[in-house]
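Data first, discussion second: the structure below is written as structure tokens.
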Amino acid sequence: MLDHKMLKNKMLDKDRISRRIRLNSFIRSLFSFSTIFSLLVLGVLLYQVGVDSIGWLDLKFLTSNLSIFPEKAGIYGAIIGTVMMMLIVIPVTTILGVSTAIYLEEYAKKGKLQYFINVNISNLASVPSVIFGLLGLTVFGRLLNLGSSILAGGLTMSLLVLPIVVVSAQEAIRAVPGYLREASYAMGASKWTTIWKVVLPVAIPGILTGTILAMSRAIGETAPLVVLGIPTLIMKIPNSVMSDFTALPIQIYYWTLDSVLKPEYANLAAATIVVLLVILFVMNSTAVLIRNKFQQKF
């Protein structure tokens, strides 16, 4: 009787292991198929964009200004506007985001208030970008009377990506081993000296990763700029933060819409997408190099 029960239990265990193996194989195959399918779709999109940009992406396209005639249109003004906007987004977001993360992790008292703030910051990271566009239009565009200037666009984009930078910086600071802080305090260092000389250098790779990802999102967002009223056809080149401007995502968006009227606009949009992808690739490559340098040091 005992042998029969043991044999039955062994059979049940064997069946259970077999089901787990089959389930594991199915899940692995499903994930592999999803990855391959995603790469194929991405490859097809990149190939189509590359083909459509042939004959349109040249030096003249990069150095010419916008025009109502597709064959004469260029994106020089859009490139300058995008760069100037990011020159506002990067310092504002980095300084405010990292400072907020330092305060919440190192200075704020642990309790319900800190938990409430952290939960709300995490929730803000998932708010649709169009909401930030409405906020930017209300506060910067109308209340502060900045209109559709570069400063208004840069501050609006800073609000959009600020929660991402805060959350990533918090995780990076939280991951610093506690014994490093204790060793610094044991040597007589103050709290700020410990943060500046010990915590931040070790956390920089994680902070940079989150910051560059946030900047990549900011440079490719369209909805907040559309809500803010950024013009699509502006002939003059911006020369200050108070100038009206247009940006690469705006031109891609509207040229895609205008392709219904003239097919040539689809080629202009494809060429602009290639330029934007190159800028994103350069940004991410720079971030990887800086991160690897600090990882080797610490």
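Where in the chain is the longest stretch that carries no trypsin sites (Lys or Arg not before Pro) classed as loop by DSSP and with at most 16 other Cβ atoms within 10 Å?
Values: sites that count: Lys109, Lys110, Lys236.
That gives 111-235 as the longest site-free run.
Quick check on the chain: what are the equivalent-ellipsoid semi-axes from the Cα gyration tensor, as sqrt(5λ), descending, whole Å?
Numbers: eigenvalues 371, 214, 69 Å².
Over the Cα atoms of the chain, the ellipsoid semi-axes are 43, 33, 19 Å.
Please find, in a Gaussian network model of the chain (springs between Cα atoms separated by less than 10 Å), the residue of Leu30, Leu277, Leu137 whose mean-square fluctuation is greatest.
Leu30
Over 23 Å between Cα atoms: which of Lys191/Lys293; Lys72/Lys262; Lys109/Lys293 fall into that group?
Checking Cα-Cα distances, Lys191/Lys293; Lys109/Lys293 exceed 23 Å.
Explain nothing, just the number: relative contact order of the chain, from Cα pairs under 8 Å at least 6 residues apart, as a whole percent. Before the final figure, lay out the partial values.
Working: 344 pairs, mean separation 73.0, N = 298.
Dividing the mean separation by the residue count of the chain yields 25 percent.
What Kirkwood hydrodynamic radius do you get for the stretch 204-298 when you take the inverse of the mean 1/r over all pairs of distinct Cα atoms, in Å?
Values: mean 1/r = 0.0652 Å⁻¹.
For the stretch 204-298, the Kirkwood estimate is 15.3 Å.
Charges only on Cβ, +1 for Lys and Arg, -1 for Asp and Glu: so what's the dipole of the chain about the Cα centre, in debye to the nearest 20? Could you put the intermediate results ahead of the total?
Numbers: 25 positive and 14 negative charges, 300 e Å.
Approximately 1440 debye in magnitude.
Below 8 Å, C-alpha to C-alpha, sequence gap of six or more: please give me the relative contact order for the stretch 194-285 in percent. All intermediate terms of the calculation are to be shown ahead of the outcome.
On the way: 54 pairs, mean separation 23.4, N = 92.
This gives 25 percent for the stretch 194-285.
With bins 10 Å wide starting at 0, give me the P(r) of the stretch 1-158 over every alpha carbon pair, in whole percents.
8, 15, 19, 21, 16, 10, 6, 4, 2, 0
Per the Kirkwood definition applied to all pairs of different Cα atoms, how many angstroms is the hydrodynamic radius of the stretch 81-153? Intermediate results must be reported in sequence, preceding the final value.
Numbers: mean 1/r = 0.0701 Å⁻¹.
Result for the stretch 81-153 stands at 14.3 Å.
For n ≥ 4 DSSP H runs only, could you compute -39500 (n - 2.57) per run for the chain, divide by its residues and tell me the 222 nm figure to the nearest 500? Don't skip to the end; give the middle numbers.
On the way: 12 runs with 215 residues, N = 298.
Here the helix-only value at 222 nm equals -24500 deg cm²/dmol.
Gap in Å between the Cα centre of the stretch 119-152 and the Cα centre of the stretch 215-271?
Spelled out, the Cα-based centre of one part sits 18 Å from the other.
Going by how many other beta carbons lie within 10 Å of each one, how would you line up Val288, Val227, Val260, fewest first? Can you show the working numbers first?
Details: Val288 14, Val227 20, Val260 9.
The most exposed by this proxy come first: Val260, Val288, Val227.
With everything on Cα atoms, drop me the angle between helix 76-102 and the longest principal axis of the chain, reported from 0 to 90° to the nearest 10.
Value to nearest ten degrees: 40.
What fraction, in whole percent, of alpha-carbon pairs in the stretch 153-278 exceed 17 Å separation? Intermediate values should be presented prior to the final figure.
Working: 5420 of 7875 pairs.
That tail contains 69 percent of the Cα-Cα pairs.
Tell me the volume per residue, in Å³, of the convex hull enclosing the alpha carbons of the stretch 14-72. Walk me through the intermediate numbers first.
Details: hull volume 5.9 nm³, N = 59.
In the stretch 14-72, the Cα convex hull volume per residue is 99 Å³.
Across bins of 10 angstrom width beginning at 0, how are the C-alpha pair distances of the stretch 109-211 distributed, in whole percent?
All Cα pairs, binned at 10 Å, distribute as 14, 30, 30, 19, 7, 1 percent.
Computed from the coordinates by the stated procedures, all read-outs in this text should not be read as laboratory data. None of these values were measured; they are calculated from a predicted model. Positions of Cβ are generated from backbone atoms using ideal geometry, with glycine treated the same way; all protein chains shown enter the neighbour counts.
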